[in-house]
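Report on one structure; see the data block that follows.
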């Protein structure tokens, strides 16, 4: 059983419904075991997107998985596709659903198909703040400091607004 972190994001359509549906679908995957930790939902300004891109809703969840990281990532890609996100898409384009596998235990992978831990998550407030809510003392693979310390080092340039505490 491996603990895995997943970031959920949406900035098109009914953003809240996209996150809720993804959470429910992930929780029902046969490879997932309880408990599942879920952060609050935050609204964030888009980063690196076109100037008129709508804001995102973001959240992070942690789960226990009894399969390999590649199996979980493949399932996440299928959920994105089912929500209307094409497999081939421009980087940082607006999207109905974005599911990023952040970490998978202590696994470190760097291939064309997958990078674990997520290579930029320690630089992203919209990932670290929700993650700090559910796993403040977590030390990510390749890091020496916990999530709260990494969050404290980020410049306060991208405000997050907590929009919902309860799912």
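The values are calculated or read from the model by the stated rules, or taken from the named source; none is laboratory data. A quick note: this is a predicted structure, and the numbers were derived from the prediction, not measured. Cβ sites come from the backbone with ideal geometry, for glycine too, and all protein chains shown count toward neighbours.
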Number of the condition not met by residue 80 [criteria: (1) at pLDDT 95 or above; (2) within 24 Å of residue 129 (Cβ to Cβ); (3) surrounded by 17 or more Cβ atoms within 10 Å (Cβ to Cβ)] | (1)
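Among strands (runs of 3 or more DSSP E) lying entirely in the range 15-69, which contain 1 or more residues that are closer than 17 Å to residue 166 by Cβ, modelled with pLDDT under 90 and touching a strand residue (DSSP E or B) at 6+ places or on another chain (Cβ under 8 Å)? Outline the logic, then answer.
Numbers: elements: 32-38, 41-44, 56-65.
The qualifying strands (runs of 3 or more DSSP E) are 32-38.
In the range 139-152, which residue that is touching a residue at least 12 places away in the same chain (Cβ under 8 Å) and not in a helix (DSSP H, G or I) is nearest to residue 164 (Cα to Cα)? First the steps, then the outcome.
Taking the range 139-152 as the starting set, the residues that turn out to be touching a residue at least 12 places away in the same chain (Cβ under 8 Å) are 140-143, 147-148, 150-151.
Next, only the ones that are not in a helix (DSSP H, G or I) stay: 140-143.
Values: 140: 26, 141: 29, 142: 31, 143: 29 Å.
Looking at the filtered set, the residue picked out is 140.
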Restricting attention to the range 93-109, the residues that are buried (at least 18 other Cβ atoms within 10 Å of the Cβ), at pLDDT below 95 and over 14 Å from residue 22 (Cβ atoms) number exactly 1
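Yes or no, residue by residue, for (1) over 23 Å from residue 23 (Cα atoms); (2) out of contact with any helix residue (DSSP H, G or I) (no Cβ under 9 Å at 6 or more places or on another chain):
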| site | (1), (2) |
| --- | --- |
| 117 | no, yes |
| 125 | no, no |
| 133 | no, yes |
| 140 | no, no |
| 144 | yes, yes |
| 149 | yes, yes |
| 157 | yes, no |
| 165 | no, yes |
